[in-house]
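Trainee: My questions will all concern the structure given below.
A short reminder: the numbers here are calculations on the coordinates, not readings from a lab. Computed from a prediction, not measured in an experiment: that's the story for all the values here. Cβ atoms come from the backbone with ideal geometry, glycine included; neighbour counts cover every protein chain shown.
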Amino acid sequence: MARTLITVPRTAKRDEIIEIRALVQHSMETGYRRSSDGDLLPRDLIRRFTCRFVPRVAANSNAASTAGDLIFAATFHAAIAANPYLSFNLRATTSGTLVFSWEGDNGLAQTETVSLLIA
Amino acid sequence: MQPSTQALQKDDTQNPAMLWVKDGEALWNKPEGAAAKSCASCHGEISRMKSVATRYPAYSSTQRKVINLSQQVNLCRVTQQQASQWPADHESLLGLEAAIAKESRGLPISPPTQRQLADAQKHGEALFNQRVGQVDLSCRDCHETLAGKKLGGNVIPQGHATGYPIYRLEWQSVGSLQRRLRGCMTAVRAEPYTHGAKELIDLEAYLAKRAAGMKLESPGVRP
């Protein structure tokens, strides 16, 4: 399990633009480097990062998608530094949950969730 | 240090070393070894480690030698937890060290007054001033005489070890002061001392004396 450090304000005002920061511990091994023994180090990259927003379902609502809306996505390649850090903005309209996921080589699939409350 | 590197260090939400600190804080409460004790079993909350990192390296009366913080952590592992030692620069060891050092952030580096430590500092100072390697440079040549000038585009720092363990952008990971010292020795084409060697501990002890009074800023970020 890769360790992550996600920064989202706990609460925000309606229509406020909030900054979201996501840092993940990952070696981002390019596949071009060699070890001290001369062996090629196998490639190990994060391939894709997505952040989705799942609005909190109102009790009387029946039209809510569980997958949520994609608010940010990034495709990673070799030559992106280890422990990649991303920051992006979101206009907060309703309370809900932010779902962060990192996918990559060697079956990497990590998901973290953070809730956001609109005051 | 560039303003961008300083900004990375100052902001805990951006500082990549905080990932190691989080690892260390989790390890603090995790029971380990045959004794199934965690660090917290003896020491309590990690916040009680405040100011501990400012005094290392220090003389250990049980070991009868000067030891640094990572050796103290390993000592606790062996004697208290009855677990195996971590090798030098092991991820968990660095994490625990970073988490402990973070508790002393902003406090002045204050080596204790001990006769044995004074001997180590003296020996360390001699090593600091000793020219080594094919390039024939001493620590002092670069980090005092030429400090502030440029070496291949980088400013030569004064060599105050105030942020260890550091996240070094070149390493793309967290590393110890000994790793840094060994890197310098390789760069001047000298044979580096092995991890944990008395010479490296003595150098660390002298660097702590030299930086005494400066604020600890662990976990640091360096280029």
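Trainee: Compute the signed sum of charges (Lys and Arg +1, Asp and Glu -1) over the other residues within less than 11 Å, Cβ to Cβ, of B:S92.
Mentor: Values: positive: B:K30, B:R77; negative: B:D23, B:E32, B:D89, B:E91, B:E97.
Its environment carries a net charge of -3.
Trainee: What does the charge dipole of the protein assembly as shown about its Cα centre add up to, to the nearest 20 debye, if the Cβ of each Lys and Arg holds +1 and the Cβ of each Asp and Glu holds -1? Kindly include the intermediate steps, with their values, before the conclusion.
Mentor: Details: 41 positive and 32 negative charges, 132 e Å.
Computed about the Cα centre, the dipole is about 640 debye.
Trainee: Oh, and also: Based on the mean of other beta carbon atoms within 10 Å per residue, what is the order of B:19-25, A:45-51, most packed first? Before the final figure, lay out the partial values.
Mentor: Values: B:19-25: 22.9, A:45-51: 18.7.
So the order, starting with the most tightly packed, is B:19-25, A:45-51.
Trainee: What translational D, rounded to a whole number of µm²/s, comes out for chain B from Stokes-Einstein when the hydrodynamic radius is the Kirkwood one over Cα pairs, at 37 °C and 0.692 mPa s?
Mentor: Numbers: Rh = 17.9 Å.
Answer, rounded: 183 µm²/s.
Trainee: What's the center-to-center distance, using Cα atoms, between segment A:1-58 and segment B:43-88 in Å?
Mentor: The two parts, judged by their Cα centres, are 33 Å apart.
Trainee: Which whole-number percent is the relative contact order of segment B:133-223 (Cα, under 8 Å, 6+ apart)?
Mentor: Result for segment B:133-223 is 37 percent.
Trainee: Where Lys and Arg each count +1 and Asp and Glu each count -1, what net charge lies around B:S38 among other residues with Cβ under 13 Å from its Cβ? Write out the running numbers ahead of the final one.
Mentor: Values: positive: B:K30, B:K37, B:R77; negative: B:E25, B:E32, B:E45.
Result for the neighbourhood of B:S38: 0.
Trainee: Expressed as an acute angle from 0 to 90° and rounded to the nearest 10, what is the orientation of the C-alpha long axis of helix B:115-128 relative to the principal long axis of chain B?
Mentor: Long axis of B:115-128 versus the principal axis of chain B: about 40 degrees.
Trainee: What ranking do B:151-163, B:176-188 get when scored by the average of other Cβ atoms within 10 Å per residue, highest first?
Mentor: On the way: B:151-163: 13.6, B:176-188: 18.9.
By packing density, highest mean first, the sequence is B:176-188, B:151-163.
Trainee: Using Cα atoms only, what is the angle between the long axis of helix B:69-79 and the major principal axis of chain B, expressed in degrees (0 to 90) to the nearest 10?
Mentor: The helix B:69-79 is inclined about 30 degrees to chain B.
Trainee: What number comes out for the charge environment of A:L117, summing +1 per Lys or Arg and -1 per Asp or Glu over other residues with Cβ under 13 Å away? Working shown, then result.
Mentor: Numbers: positive: A:R10, A:K13, A:R14, A:R56; negative: A:E16.
Local net charge: +3.
Trainee: Percent relative contact order of chain B, based on C-alpha pairs within less than 8 angstrom and at least six residues apart?
Mentor: Values: 387 pairs, mean separation 61.2, N = 223.
Taking the mean separation of contacting Cα pairs over the length of chain B, I get 27 percent.
Trainee: Which angle from 0 to 90°, rounded to the nearest 10, does the C-alpha axis of helix B:198-210 make with the longest principal axis of chain B?
Mentor: 80 degrees
Trainee: Sticking with this one: Given the protein assembly as shown, what whole percent of its Cα pairs are spread farther than 32 Å? Working shown, then result.
Mentor: Values: 23661 of 58311 pairs.
Cα-Cα pairs in the protein assembly as shown separated by more than 32 Å: 41 percent.
Trainee: Do any of B:K37/B:K122; B:K102/B:K209; B:K102/B:K198; B:K50/B:K149 go past 29 Å between their Cα atoms, and which? Could you put the intermediate results ahead of the total?
Mentor: Working: B:K37/B:K122 38 Å; B:K102/B:K209 20 Å; B:K102/B:K198 26 Å; B:K50/B:K149 36 Å.
The answer is B:K37/B:K122; B:K50/B:K149.
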